[in-house]
Amino acid sequence: MLILHDPVTLKHETVELLGAKLIPALESPARLESILTAVNRHRPHDLCLISVQESDSPWLWQIIHSTHDSGYLDHLRHCHEDWVKAGHITLDESILPECFPSFAMPSRNTALGPPRDIFARSGFYAFDMSSGIMKDTYAAVIASANLAIAAAYRLVDNVSMSAICALCRPPGHHCDTARAGGYCYLNNCVLATAAIRNRMKHRIGPENELGVSILDIDMHHGNGTQSFFYDGQVRYVSIHGEDEYPYYTGKRTETGSGRGRGYNHNFPLPQKTSESVYLATLNEALILCLQDKPEYVVISMGFDTFHLDPLGGFDLDTSSYGIIGRTIANKLAETGTRAVILLEGGYFLEALGKNLLAFLSGWDH
Ligand code: SP5
Ligand code: ZN
């Protein structure tokens with residue numbers, strides 16, 4: 001299994017408001033360090049870790065601009081500098097928004113354009129207080145997006161690979177076209193999907209969306225990813241904690257709209273769900289995910305389903321991830337479907353590296 005990494009992703013280190021306390025964000029560089037330690041210890045067996053440069057994916061900017069709002073991209077790029085210049089924070093501090101447009105306010109519509117006030121703008125381009133912006137956030141966010149896109153291109157171009165894994169950080173599945181949230185700034189999963197579709201256009205044609213499906217098995221519902229494809233025919237299948245963050249999405253009744261009706265599938269599961277119930281649900285989810293025999297699946301992989309995770313709640317252990325990896329790989333092999341695996345959440349540092357190794361080793365079995 002090829003694993004892609006970029007050291008620039010380690011530079012993003014910010015704060016969040018959790019349980020009414022301002023704390024160092026649980027989505028921290030230490031997460032990746034836990035993973036890198038585990039992967040390096042395992043080499044040179046069957047895992048190959050490589051660093052990726054921005055120049056490795058020439059379509060990076062085209063894909064980012066076709067996925068995200070240009071005002072939002074400008075904001076991500078410049079807001080930290082603007083806040084420092086205005087004297088609101090020092091160079092080493094982070095921005096956190098404090099007021100968000102609500103449903104009742106017409107300015108919630110991004111089409112009306114961003115507000116001028118810099119506090120207002122930070123809330124306009126976010127939906128929660130878990131996505132701080134520090135001086136290196138933008139660089140890390142672009143590096144993370146680049147990993148997702150580079151992974152997609154490498155997979156499409158190397159027919160002998162059954163899967164490739166990108167160690168994306170920050171994660172992506174909560175943010176939409178113009179709003180950061182849940183530690184996410186650019187939607188890596190949507191970017192990888194766009195990159196695959198870009199690369200395979202000559203085979204499937206621009207109108208046919210059925211060549212790629214998405215499987216999201218982070219603990220949290222991928223509200224952002226769902227929003228991109230809700231009225232399109234890119235199938236989105238998610239297993240996540242019921243009534244967990246991001247709270248307002250992820251119901252079974254959300255099945256897609258317009259020509260996307262029937263292409264969105266949510267499997268909310270209760271707190272402390274057992275391994276056997278989880279695996280039964282995974283099998284159901286995989287059948288839906290593969291029903292159009294897609295050539296590719298993009299997997300939003302989170303390890304916050306671990307039983308000790310501070311944001312988690314399922315009863316999964318390290319060995320469960322081995323079974324999950326093997327189950328997915330075997331099922332995909334039946335349809336010849338190949339996978340881009342993207343890192344999303346997972347916050348129990350002591351086991352994070354081991355859990356990822358178990359998943360990838362199970363995949364390669
Ligand atoms: C990518 C990702 O995993 N983002 C998750 C962001 C969650 N942020 C807020 C979590 C609030 C959790 N409340 C405690 C629930 C403990 N079961
Ligand atoms: Zn999560």
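Derivation of every value follows stated rules applied to the coordinates shown; laboratory data play no part. Just so you know, these numbers come straight off a predicted model, no measurement behind them. When we count neighbours, we look across all protein chains shown, and the Cβ atoms used for this are built from the backbone with ideal geometry, even at glycine.
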How much FRET efficiency would the formula 1/(1 + (r/R0)^6) give for K11 and C99, where r is the Cβ-Cβ distance and R0 is 22 Å, rounded to 0.05? 0.20
Sort 129-136, 330-337 by packing, meaning the average of other beta carbons within 10 Å per residue, with the highest value first. 129-136, 330-337
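May I ask you to derive the relative contact order of the chain, considering only C-alpha pairs under 8 Å and at least 6 residues apart, and to give it as an integer percent? Mind dumping the intermediate values first?
On the way: 783 pairs, mean separation 63.9, N = 365.
Rounded, it is 18 percent for the chain.
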Given a Förster distance of 41 Å, the FRET efficiency implied by the Cβ-Cβ spacing of D74 and H307, rounded to the nearest 0.05, works out to 0.45
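Relative contact order for segment 39-188: what percent, with Cα pairs under 8 Å and sequence separation of 6 or more?
Working: 195 pairs, mean separation 37.0, N = 150.
Reported as a whole number, the value is 25 percent.
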Gain in span if fully extended, E275 to A20, counting 0.36 nm per residue against the direct Cα distance: 88.6 nm
Segment 179-199 and segment 40-90: distance between their alpha carbon centers, rounded to Å: 11
Rounded to the nearest 500, the 222 nm mean residue ellipticity computed for the chain from DSSP H runs (n ≥ 4, each -39500 (n - 2.57)) alone is -12000 deg cm²/dmol
Working from Cα positions, state the angle (0 to 90°, nearest 10) between the long axis of helix 29-42 and the longest principal axis of the chain. 30
Long-range share for segment 209-278, i.e. C-alpha pairs more than 16 Å apart as a percent of all pairs, stands at 43
Charge dipole (segment 145-243, unit charges on Cβ, about Cα centre) - positive-most of A148, Y183, V159: V159
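Rank the residues W59, W363, W83 as a footprinting-exposure proxy: fewest other Cβ atoms within 10 Å of their Cβ go first. Intermediate results must be reported in sequence, preceding the final value.
Numbers: W59 15, W363 24, W83 20.
Exposure proxy ranking, most exposed first: W59, W83, W363.
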With each label point set 7 Å from Cα along the Cα-Cβ vector, what nm distance links S51 and E81? 2.5
14 Å beta-carbon shell around L4, net charge (K/R +1, D/E -1): -2
Projecting the Cα atoms of L22, Y321, L290 onto the charge dipole of the chain, where Lys and Arg contribute +1 and Asp and Glu -1 at Cβ, the residue farthest towards the positive end is L290
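What order, most packed first, do the peptides 159-165, 251-257 have when packing is the mean number of other Cβ atoms within 10 Å of each residue?
Per-residue Cβ counts within 10 Å, averaged per peptide and sorted highest first, yield 159-165, 251-257.
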To make sure I understand the rule: partners must be lysines, Cα under 22 Å from the Cα of K251, and not fewer than 8 residues away in the same chain. Which ones qualify? K272
How many nm is it between the label spots at W59 and K251, if each spot is 7 Å from the Cα in line with the beta carbon? 3.7
Where a Cα-Cα gap under 20 Å defines reach, which lysines qualify for K135, not counting those fewer than 8 residues away within the same chain? K11, K85
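What is the ratio of the Cα radius of gyration of the chain to 2.2 N^0.38 Å, with N the residue count, to two decimals? Spell out each step's value before the answer.
Values: Rg = 19.1 Å, N = 365, 2.2 N^0.38 = 20.7 Å.
Taking N as the residue count of the chain, the ratio is 0.92.
Once the other residues with Cβ under 14 Å from the Cβ of Y263 are scored (Lys, Arg +1; Asp, Glu -1), what is the net sum? List each step's numbers first, then the result.
Working: positive: R235, R259, R261; negative: E209, D216, D231, E254, D292.
So the environment of Y263 carries a net charge of -2.
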Show me the ranking of peptides 216-225, 1-10 by mean Cβ neighbours inside 10 Å, starting with the highest. 216-225, 1-10
